[in-house]
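The values are calculated or read from the model by the stated rules, or taken from the named source; none is laboratory data. Since we're looking at a predicted model, the values are computed, not measured. Note: ideal-geometry Cβ built from the backbone for every residue, glycine included; neighbour counts use all protein chains shown.
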Amino acid sequence: MDLMPYLSVKKITFMKNLTVRLLRQPLMHFFLIAAALFAYNHYSEQQKFNEENVIVITEDKLEQIHLKYVKLWRKQPTPQELQALVRDYALDEAYAREARKVGFDTNDAVIKRRLKQKLRFMINDVSVMEQPSDESLYEFYQAHIDNYKKADIYSFEFIALDSTNGAINISPDLITSSDSSGNYSEQPNPIAVSNWDSYDVDKRFGSKFLEQLATQPLDQWSSPIKATSQYFQVKVTSKTENDYFSFDNAKARVLDDWRIQRNQENLDTYESKLLNDYQVVMSNSDANS
């Protein structure tokens, strides 16, 4: 009598019963769940690894690389040059990813400033796209009219004074006579300047010197003025005070100034809202350090 079929059936039945009993055990449930999670995590990590190690260069990115080269060198790149540019871009991307893996992008002040700068550029782009009405520009022009004054014209004489350690040393032959108000009547070898506008004066001598010219009576020597790193005396021989630029003549500059102010307003609004979205907490360890 052949017992093999009978034994095979008994073996199968035993295995089924054993499997059922094992599946009913809580510990087996834990092992099965752990195995499933391990398999899923392994698959996910593999997928993530594959994605992180692929640098995709789209047609738009390639066109951007191409245009940047043309703008810089004013010529079309050769195939070899374009290939080198693509390689440089891929290297930059690879370096960035490797740096992020080891945490070099965390708490990096340079990266933070650059990201802040890029966001500010975006806000500035919004301001540039805004187009104010002529009425708004004219109101801005009137509110800041002093910024659109034509330069005054000066002719004057000046002499440089010797100073040592901040003290003014004036030799007896430098000033031959003066009255009680300090107006000096004679100066040896003064240098004459004719028809300089206020911008030229400010650029050469500084704002304090220009302020003195604006208030100095004609044909009288001033008291010593410290301008730049030296002391001077000055005598204004002629002064022409000019009027303001008309709105039409100043319109382009007014628009630029309006956009600068508008950009600052947009930036202030954004930063106020931004800080309201975050809770700033001063920890004791930081405060005491």
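Just a few scattered comments:
- Candidates S127, S133, filtered to the one that is closer than 16 Å to D257 by Cα and exposed (fewer than 10 other Cβ atoms within 10 Å of the Cβ): S133
Yes or no, residue by residue, for (1) modelled with pLDDT under 90; (2) surrounded by 11 or more Cβ atoms within 10 Å (Cβ to Cβ):
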residue: P26; (1), (2): yes, no
residue: L32; (1), (2): yes, yes
residue: H42; (1), (2): yes, no
residue: N53; (1), (2): yes, no
residue: I65; (1), (2): no, yes
residue: L82; (1), (2): no, yes
residue: Y89; (1), (2): no, yes
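- Only residues that are over 16 Å from N53 (Cβ atoms), in contact with a helix residue (DSSP H, G or I) (Cβ under 9 Å, 6 or more places away or on another chain) and modelled with pLDDT of 85 or more were counted across the range 94-105, and they come to 1.
- Of the residues making up the range 53-65, those that are over 15 Å from A90 (Cβ atoms) and within 27 Å of the chain's Cα centre (by Cα) number 2.
- Residues that are without any contact (Cβ under 8 Å) to a residue 40 or more places away in the chain and polar (S, T, N, Q) within the range 123-160 comprise Q131, S133, Q142, listed in sequence order.
- Residues satisfying the stated conditions in the range 98-114, i.e. loosely packed, with under 12 Cβ neighbours inside 10 Å and in a helix (DSSP H, G or I): E98, K101, A109, V110, K112, R113, R114
- Test: residue in the range 194-211 that is part of a loop (DSSP other than H, G, I, E, B) and either touching a helix residue (DSSP H, G or I) at 6+ places or on another chain (Cβ under 9 Å) or within 12 Å of Y154 (Cα to Cα) (or both): no
- Single condition S223 does not satisfy, out of (1) under 25 Å from I145 (Cβ atoms); (2) part of a loop (DSSP other than H, G, I, E, B): (1)
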